[in-house]
Amino acid sequence: MSNTYALMAAARKYPDKKIVILPNNIGHYSLSYATEWLNLDVKVVYCKTKQYRLDQVELKRLLHFYGESVLFVGVYACDSMTSTCEDLEGVYHVVKEVENDIWLHADACHGFALSFSDAYRSKVTYLRHYDSCTMDPHKVMWLPYTLSVVLMKNADDFGTLSRTNALIMDDPLSFGKTTPFIGSKPYDSLKLWMVMKTLGVHEIGEMVEARISNADLFYAILNSDINFYVGNDDILFSVIFQYVPDKDAEIEQINEVNRSIYRKMLSDGEYYFHGFDIMVNGSKRFVLRYNSGNIDVTEKELRAAVNYIKKLGKEIAHE
């Protein structure tokens, strides 16, 4: 819903523009689906990615090709598959050098939490220059309830989404004015406020850094084992990997083994890693993914999970 609001505001600001540019390979469905939910007469163009970020040379080419028709460019401040953070500053300058009147949006539903950390804040400081960004505290903070937030650089852009009257009070940015999309009427943001007031910026930052350290540890465990291929190396919260049965195995054979590992893992119910297809260095791979959401997971438990995957892989490869 928060990504949908951002696209609504963009369409209100630039009603005659029809091209939406999104990253290929790493996209979250909510950005592309927003064009359908809103029934917008727009064309979604997917820009190729390099190392899970927009290929800036290709982005510049698309911007020149579509010219003044470009409405919206969306990026990910930590994509949901590999948690790679976009080069926010680089993309901003590429877009603004070609056309100033383009809505720049960052889906920061995973990455906004980096702003609480002294060590990693620099990765997302350029969010302040984007027209909008979205945040999902239920993904990356100690919040047990679904909550998605959209922020806009210019408060007047929120005003374009308002109705002509409010359900209760006629104040300038009344929650009721964004009906039928319910918006913040239930005061869900109170949940986030209470977490931040209870923990404080420093403690949340420590949690973020602990999660990254946990993912780094998992990455190191896999990287030291010849039976595993790791598909990303700019580690924040996620590590995508494959069990490799043999150093001479073809990619499709490796993919099939990992699909079988995934199915058996679901059946066993002892461990769980997310499984999905993604392009890695030009090749389509079925990968497993570790996400360091639970900072209480220990090194012993991580090694046990890796050994479990190896055990399944050996059994399946020799069937």
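The values are calculated or read from the model by the stated rules, or taken from the named source; none is laboratory data. Keep in mind it's a predicted model, so treat the numbers as computed, not measured. Here the Cβ positions follow ideal geometry from the backbone for every residue, glycine too, while neighbour counts run over all protein chains shown. These accessible areas exclude ligands, DNA and RNA; they are computed on the full protein's heavy atoms, side chains included. Shrake-Rupley method; radii C 1.70, N 1.55, O 1.52, S 1.80 Å.
Identify all residues within the stretch 228-257 that are under 20 Å from the mean Cα position of the chain (by Cα) and surrounded by fewer than 14 Cβ atoms within 10 Å (Cβ to Cβ); write none if there are none.
Step one: filter the stretch 228-257 for residues under 20 Å from the mean Cα position of the chain (by Cα), giving 230-241.
Correct list: 233, 234.
Checked against (1) over 18 Å from the mean Cα position of the chain (by Cα); (2) within 21 Å of residue 93 (Cα to Cα); (3) outside any helix (DSSP H, G or I); (4) not hydroxyl-bearing (Ser, Thr, Tyr), residue 21 passes all but condition (1). Looking for something within 19 Å of residue 161 (Cβ to Cβ), open to solvent by less than 40 Å² (accessible area, probe 1.4 Å) and either at pLDDT 85 or above or part of a loop (DSSP other than H, G, I, E, B) (or both) - is there at least one such residue anywhere in the stretch 25-35? Taking every residue of the stretch 25-35 in turn, none turns out to be within 19 Å of residue 161 (Cβ to Cβ), open to solvent by less than 40 Å² (accessible area, probe 1.4 Å) and either at pLDDT 85 or above or part of a loop (DSSP other than H, G, I, E, B) (or both).
Screening residue 317 against (1) hydrophobic (A, V, I, L, M, F, W, C); (2) modelled with pLDDT of 95 or more; (3) open to solvent by 20 Å² or more (accessible area, probe 1.4 Å) leaves a single unmet condition, (2). In the condition set (1) open to solvent by 10 Å² or more (accessible area, probe 1.4 Å); (2) farther than 30 Å from residue 206 by Cα; (3) assigned to a helix (DSSP H, G or I), residue 100 is compliant with all but (3).
Regarding residue 260, is this residue open to solvent by 50 Å² or more (accessible area, probe 1.4 Å), in a helix (DSSP H, G or I) and either among the small types (Gly, Ala, Ser) or in contact with a Leu (Cβ under 7 Å, 6 or more places away or on another chain) (or both)? No: the conditions fail for residue 260.
Applying a threshold of 9 Å to beta carbon distances and a minimum spacing of six or more residues, or different chains, the list of pairs starting in the stretch 230-259 at a residue that is closer than 23 Å to residue 318 by Cβ and ending at one that is open to solvent by 10 Å² or more (accessible area, probe 1.4 Å) and among the polar types (S, T, N, Q) reads 243/227; 244/227; 245/227; 245/253; 246/253; 251/283.
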